[in-house]
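Report on the structure given below.
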Amino acid sequence: MDNKEQQEKRPDSVLDDTALNQIADQKQDHKERIQDSWYRCEQFGLDHSSRPDFATLPKGTLNDLMDQHRSLLETTENEVLPYYENILSNSACMIVLADRQGHVLNTWGQPRFGRASAHGLIGGNQWTEMRVGTNAIGTALITGEAIQVGRDEHFLRANRFMVGSASPIYNTKNDLVGVLDISSDAYLPQDHTFGMVKLMSLSVENRLIFSAFQQDHFILTFNTNVVSLDSHWSGILVLDESGTVVSANRRAEVVLARDLALLNINQIFDIEMREVRHHPPSMPIKLRSLGRYQFYVKVIPPVQQVMRVPDFRQRADYVSPSNSLKEKPQEPVMAKQSIPDNVIPLDELQHGDEHVERLVRQAHKIMEKDIPILIHGETGAGKEIFVRSLHYHSSRSSGMLVAVNCAAIPSELVESELFGYEKGAFTGAQNKGSIGLIRRAHGGTLFLDEIGEMPMPVQSRLLRVLQERVVTPLGSTETYPVDIKLISATNRALKKEVDEGRFRQDLYYRISGLNIELPPLRQRQDKAQLIQYLHNRLRQEEPGPELSAEMLALLVQHPWPGNMRQLVHVLKVGMAMADEDMLEEWHLPDDFFEDLNEGNLDSSKSHDAPDDRHEPLEILIPRLLSEYKGNVSQTAKVAGVSRNTVYKYGKLR
């Protein structure tokens, strides 16, 4: 293999150790995203010499698609692009707007890189990874995050004439509706385009919010600087007449570091809705958020003021006189709130498995008690899905669900990530300090996944938090009260970890109130119904083929060593390959059949795993990695741990 082919196999291989040590965290994340994208391209059957397959839409279909996205197109062209006209007129680049399937809706500007038939950035062409390889539009759609794809980072050589910078666009329901992309000649300077496309996508989202709500809702913009209140980087909150947050832009949730949906304005800022209603329009006001952070806020009243007569009978605690004579006082009933689309309803977590039905019922009841929950289960068995459903079906649903993977955070950073830190508490700390994940979960739910991987010193501090219900950030003497519902999860036998001195006994009994064993997919009594259910949910997100009886039978007999996570990936790949045709065996990835054929062998190895667990992880993981020639998946399977744990103890990062 020559040098060029080696670079195409690993796009980061030209970097030496010294350079890698100097790369910022965000560049490390970028490199991993590009590597993940190249892996997906290989799974799709592409190679570097493949030609792009744009699957160009017929003109009539494209016109229908543009009509469906008329609001997005007009907002981009008429309300956002004019702000950047001077900058873009001096750059040889092309702006591209694509829908959530990667179809190009429209383009603006003149590229320097030749005819439209050559570069493919024309209306109706589809820029997905499966058809065009790694590219800014397709990779932004899969990751849901902004990305810049450099010349040699494109998987297909045919696309290495350009650099693409793309940022996803989310609507007022936080659904991804499109992608904005700036593509230019690969030999032109690119420093400004990535920041610009992120700013432009935020601008589009903000204008969509104003278009949807300005007519009859109050809109608050806020920023740390009064002169920046009208900038596209400002946070935006949309309030109904009672002060409930009905929508917000992404910037607001990032700045305030909490889920804002359906909170009241008095839970966010030190102001009541009656003050908001009577505040002079567009006059900045200085407010505090969460008791300590200072912002400048501007109130924009509805375009059409609606006169409403107060009716005190609409209050939640109102009881009519006739009912008050007949009924005895009852405890207040928790108002039923709508759950997000990506949360599975409680009654859909099982489809005939009596064991799962019983533990769901138990956990739902305990969610309203001051009792912690400890979930045991294999990696990928659906522990986080289960916890998300519990949270959003509890009285804490208006608070944040903060999920922490204890194995994924480097051991030296776990303490600062969980408990927060003051300004300058340690080298590399942010200038403004950090609130910490535990305090972010105040009023909500804290989910500590893979808690068995938590370092001993952090276990001691966590124990104090659970006992005293206060948090002391690193570098501070001040304590902050916290109200959290604690749910922990592990794929290890914690009692054995306690006996062997790797987990504190007092912490174990503090977190193990209700113990739940979530069965792996292969042991589910409702496996066939569950597979059918997950397939139907995926088809709601993206149109796809039905499951034939033969295909369902094939999926049911699979051992599923990766559990629910593996099932979802297999179904997604199969649906993408089938492209609305009937799902057949050749649509499924090769490793699906490897697991199917080696099920008995894997099962025997998994029986040996408990004997290995007596060995400390820092010795066990490197030994297994060497034995299986660096195969992370096989090492994780035999050791009975997650891939993150293998990376952590195998020194692979």
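The values are calculated or read from the model by the stated rules, or taken from the named source; none is laboratory data. This structure is a prediction, so every number in the text was calculated from the model and none was measured. In this analysis, Cβ positions are derived from the backbone assuming ideal geometry, glycine residues included, and neighbour counts consider all displayed protein chains. These area figures cover heavy atoms from the full protein model, side chains too; ligands, DNA and RNA do not enter into them. Shrake-Rupley method; radii C 1.70, N 1.55, O 1.52, S 1.80 Å.
Regarding the range 500-509, can at least one residue be identified that is touching a residue at least 60 places away in the same chain (Cβ under 8 Å), in contact with an Asp or Glu (Cβ under 9 Å, 6 or more places away or on another chain) and open to solvent by 30 Å² or more (accessible area, probe 1.4 Å)?
Taking every residue of the range 500-509 in turn, none turns out to be touching a residue at least 60 places away in the same chain (Cβ under 8 Å), in contact with an Asp or Glu (Cβ under 9 Å, 6 or more places away or on another chain) and open to solvent by 30 Å² or more (accessible area, probe 1.4 Å).
Could you tell me which of the residues ALA186, ALA158, ALA116 is farther than 19 Å from HIS30 by Cβ and modelled with pLDDT under 85?
Testing whether each residue is farther than 19 Å from HIS30 by Cβ and modelled with pLDDT under 85 leaves just ALA116.
Residues being of a type in the set (Val, Ile, Thr) and either touching a Pro at 6+ places or on another chain (Cβ under 9 Å) or in contact (Cβ under 8 Å) with a residue 24 or more places away in the chain (or both): count how many of those fall in the range 616-649.
The total comes to 5.
Please name all residue pairs, on different chains or six or more residues apart, with Cβ atoms under 9 Å, provided the first residue is in the range 411-423 and is at positive phi and the second residue is assigned to a loop (DSSP other than H, G, I, E, B) and modelled with pLDDT under 80.
Partner pairs satisfying both residue conditions: GLY420/GLY433.
Identify, from the list GLY574, GLY650, the residue that is open to solvent by less than 50 Å² (accessible area, probe 1.4 Å) and modelled with pLDDT of 80 or more.
GLY574
Quick check on the range 332-359: of everything there that is β-branched (Val, Ile, Thr) and touching a helix residue (DSSP H, G or I) at 6+ places or on another chain (Cβ under 6 Å), which residue is modelled with the lowest pLDDT?
Result: ILE339.
Taking the range 475-499 on its own, how many of its residues are in contact with a strand residue (DSSP E or B) (Cβ under 9 Å, 6 or more places away or on another chain) and open to solvent by 40 Å² or more (accessible area, probe 1.4 Å)?
Total satisfying the criteria: 4.
State whether one or more residues within the range 524-535 are closer than 27 Å to GLY444 by Cβ, outside any strand (DSSP E or B) and open to solvent by 50 Å² or more (accessible area, probe 1.4 Å).
No, the conditions are met nowhere in the range 524-535.
Could we say that GLY124 is in contact with a His (Cβ under 9 Å, 6 or more places away or on another chain), modelled with pLDDT of 95 or more, on the phi > 0 side of the Ramachandran plot and open to solvent by less than 30 Å² (accessible area, probe 1.4 Å) here?
Here the answer is no, as GLY124 does not meet what is asked.
For the range 218-231, which residues satisfy the criterion of being surrounded by fewer than 20 Cβ atoms within 10 Å (Cβ to Cβ) and either assigned to a loop (DSSP other than H, G, I, E, B) or touching a strand residue (DSSP E or B) at 6+ places or on another chain (Cβ under 6 Å) (or both)?
Listed by number, the residues that qualify are ILE219, THR224, ASN225, VAL226, LEU229, ASP230, SER231.
What's the number of the only condition in (1) of a type outside the set (S, T, N, Q); (2) at pLDDT below 90; (3) surrounded by fewer than 20 Cβ atoms within 10 Å (Cβ to Cβ) that ARG258 fails to meet?
Of (1) of a type outside the set (S, T, N, Q); (2) at pLDDT below 90; (3) surrounded by fewer than 20 Cβ atoms within 10 Å (Cβ to Cβ), only one is false for ARG258: (3).
Taking the conditions exactly as written (free of Cβ contacts under 8 Å to residues at least 60 places away in the same chain and of a type in the set (Asp, Glu)), does GLU497 satisfy them or not?
Spelling it out, GLU497 is indeed free of Cβ contacts under 8 Å to residues at least 60 places away in the same chain and of a type in the set (Asp, Glu).
With ARG40, ARG10, ARG51 as the choices, which residue is modelled with pLDDT of 70 or more, out of contact with any Leu (no Cβ under 7 Å at 6 or more places or on another chain), open to solvent by 40 Å² or more (accessible area, probe 1.4 Å) and within 17 Å of ARG160 (Cβ to Cβ)?
Within the list ARG40, ARG10, ARG51, the selection yields ARG51.
I need a count of the residues in the range 193-248 that are within 23 Å of the chain's Cα centre (by Cα), farther than 21 Å from ASP270 by Cβ and of a type in the set (S, T, N, Q).
Number satisfying all stated conditions: 4.
Could you tell me whether SER476 is of a type in the set (S, T, N, Q) and in contact with a Gly (Cβ under 8 Å, 6 or more places away or on another chain)?
When the stated conditions are applied, SER476 does not pass them.
Give ILE95, ILE87, ILE34, ILE23 a once-over and let me know the one that is surrounded by 12 or more Cβ atoms within 10 Å (Cβ to Cβ), closer than 25 Å to ILE169 by Cβ and modelled with pLDDT under 75.
ILE87
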